[in-house]
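> Here's a structure for you.
The values are calculated or read from the model by the stated rules, or taken from the named source; none is laboratory data. Predicted model, so just to flag it, every value in this text is computed and none were measured. Cβ: placed from backbone, ideal geometry, glycine included. Neighbour counts: every protein chain shown.
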Amino acid sequence: MEPIIKSIDKTVNKISYSLGKEASARYKGKNIKDLNYLNRDLKNVIAIDFKEENLMKHKNNLILLPQYNGEETDSEFRNIIPFLKGN
């Protein structure tokens with residue numbers, strides 16, 4: 001996960017935390033990311049993922065993007081940077 005974050009956020013530095021397996025919970029028979037592990041007010045949290053089911057309990061926090069393929073031409077994340085920056 002870290003190499004992907006560094007490659008898509010190398011100049012903006014907007015990604016402050018990534019959730020791995022240690023922050024997953026069992027929900028409706030699936031392992032999902034549980035933003036409650038962040039111990040912060042979720043109204044200030046944005047989660048970016050390529051599968052809606054990964055954030056079943058936190059759909060209001062989710063920005064759904066196509067899966068990042070690592071190619072220089074993959075610009076989906078870059079397209080939302082102005083939103084993340086608040087511009």
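> Please specify each residue of region 56-82 satisfying the condition of being out of contact with any helix residue (DSSP H, G or I) (no Cβ under 7 Å at 6 or more places or on another chain) and of a type in the set (A, V, I, L, M).
Hits for region 56-82 are 56, 80, 81.
> In addition: Kindly indicate the residue of region 58-87 that is among the polar types (S, T, N, Q) and modelled with pLDDT under 80 and also surrounded by the most Cβ atoms within 10 Å (Cβ to Cβ) among those meeting that condition.
Checked region 58-87; the qualifying residue surrounded by the most Cβ atoms within 10 Å (Cβ to Cβ) is 69.
> Here's something else I'd like to know. Looking at region 19-38, can you tell me whether even one residue there is surrounded by 14 or more Cβ atoms within 10 Å (Cβ to Cβ), modelled with pLDDT under 75 and within 25 Å of residue 70 (Cβ to Cβ)?
Among the residues of region 19-38, at least one is surrounded by 14 or more Cβ atoms within 10 Å (Cβ to Cβ), modelled with pLDDT under 75 and within 25 Å of residue 70 (Cβ to Cβ), which makes the answer yes.
> Taking region 37-73 as the region of interest, how many residues are more than 18 Å from residue 19 (Cα to Cα) and touching a residue at least 24 places away in the same chain (Cβ under 8 Å)?
Within region 37-73, residues that are more than 18 Å from residue 19 (Cα to Cα) and touching a residue at least 24 places away in the same chain (Cβ under 8 Å) number 1.
> Filter region 27-52 down to the residues that are within 23 Å of residue 79 (Cα to Cα) and outside any loop (DSSP other than H, G, I, E, B) and list them by number.
Result: 43, 44, 47, 48, 49, 52.
> Right, something else. Which numbered condition in (1) surrounded by 11 or more Cβ atoms within 10 Å (Cβ to Cβ); (2) at pLDDT 90 or above is the only one that residue 41 fails?
So the condition that residue 41 fails would be (1).
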